[in-house]
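Take a look at the structure set out below.
Taken together, the values in this text are just the output of simple stated rules run on the coordinates, not laboratory data. The shown structure was predicted, so the numbers you read here are calculated from the model rather than taken from an experiment. A quick note on method: Cβ atoms are made from the backbone with ideal geometry, for glycine too, and the neighbour counts reach across all protein chains shown.
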Amino acid sequence: MANLEWLQPAGWPRPRGYSNGVVVKGGRLVVLAGQVGWDEKEKLVPGGLVPQFRQALKNVLTLVALAGGRPEHLVQLRIYLTDKQAYLSSHKELGDVYRELMGKHFACMSGLVIAGLVEEGAMVELEGLAVVPE
């Protein structure tokens, strides 16, 4: 079984909605390719950033489950965004979606604003790492 040690330096403020770092001891490493907000027929879900984020996170969690894991086994999540303003104006809704699907497990996360994604119309892409107990 994987043993996770979450890193929180003394004197640093506790991060909100993510973790600073994690040490992984044991378990199987699951590397997740970028997932956009499309369904099983590779059609982007309508409605903008929040629905696309929900679908992309569901896609990530589907892959984690296929490897035998659960949401709490996700240790790193990179969020690539094409629209910073859409992210800032939807911050609360995105957090609600995250907690709905992930619970109170906060992986190490990075958010990057980029010029664009390969998939036309995609506003967000998620990639990550999970450690699934053996």
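By the beta-carbon count within 10 Å of each Cβ, the least crowded to most crowded order of Met109, Met123, fewest first, is Met109, Met123.
Projecting the Cα atoms of Tyr18, Gly69, Gln55 onto the dipole axis of the chain, where Lys and Arg carry +1 and Asp and Glu carry -1 at the beta carbon, places Tyr18 farthest toward the positive end. Taking every DSSP helix (H) stretch of at least 4 residues in the chain, weighting each as -39,500 (n - 2.57) and dividing the sum by the residue count yields a mean residue ellipticity at 222 nm of -8500 deg cm²/dmol. Charge dipole of the range 3-132 (Cα centre as origin; +1 on each Lys and Arg Cβ, -1 on each Asp and Glu Cβ, all else neutral): 480 debye, rounded to the nearest 20. Just checking the listed ones, Leu112, Leu57, Leu88: in the Gaussian network model of the chain with Cα springs under 10 Å, the one fluctuating most is Leu88.
Relative to the compact-globule estimate of 2.2 N^0.38 Å, the Cα radius of gyration of the chain comes out at 1.05. If you take the beta carbon distance between Leu4 and Ala33 as r and set R0 to 25 Å, what does 1/(1 + (r/R0)^6) give as a FRET efficiency, to the nearest 0.05? Rounded to the nearest 0.05, the efficiency is 0.65. Structure remark: mean-square fluctuation, Gaussian network model of the chain, C-alpha springs under 10 Å; the largest value among Pro13, Pro51, Pro71 belongs to Pro13. Mean-square fluctuations from a GNM of the chain, with a 10 angstrom spring cutoff on Cα atoms, peak among Leu49, Leu117, Leu66 at Leu66.
What order do you get for Phe106, Phe53 when you list them from fewest to most C-beta neighbours inside 10 Å?
Details: Phe106 18, Phe53 26.
Least to most surrounded, the residues fall as Phe106, Phe53.
Tell me, which longest segment in the chain has none of the trypsin sites (Lys or Arg not before Pro) that fall in DSSP loops with at most 15 further Cβ atoms within 10 Å? Result, exposed sites excluded: 44-103.
On the principal axes of its alpha carbon atoms, the range 54-122 extends 34, 26, 18 Å, with the longest extent given first.
Listed by chain and number, the aspartates and glutamates whose alpha-carbon sits under 12 Å from that of Lys25, ignoring those within fewer than 8 places in the same chain, are Glu5, Glu134. The DSSP beta bridges internal to the chain are antiparallel in roughly 75% of cases.
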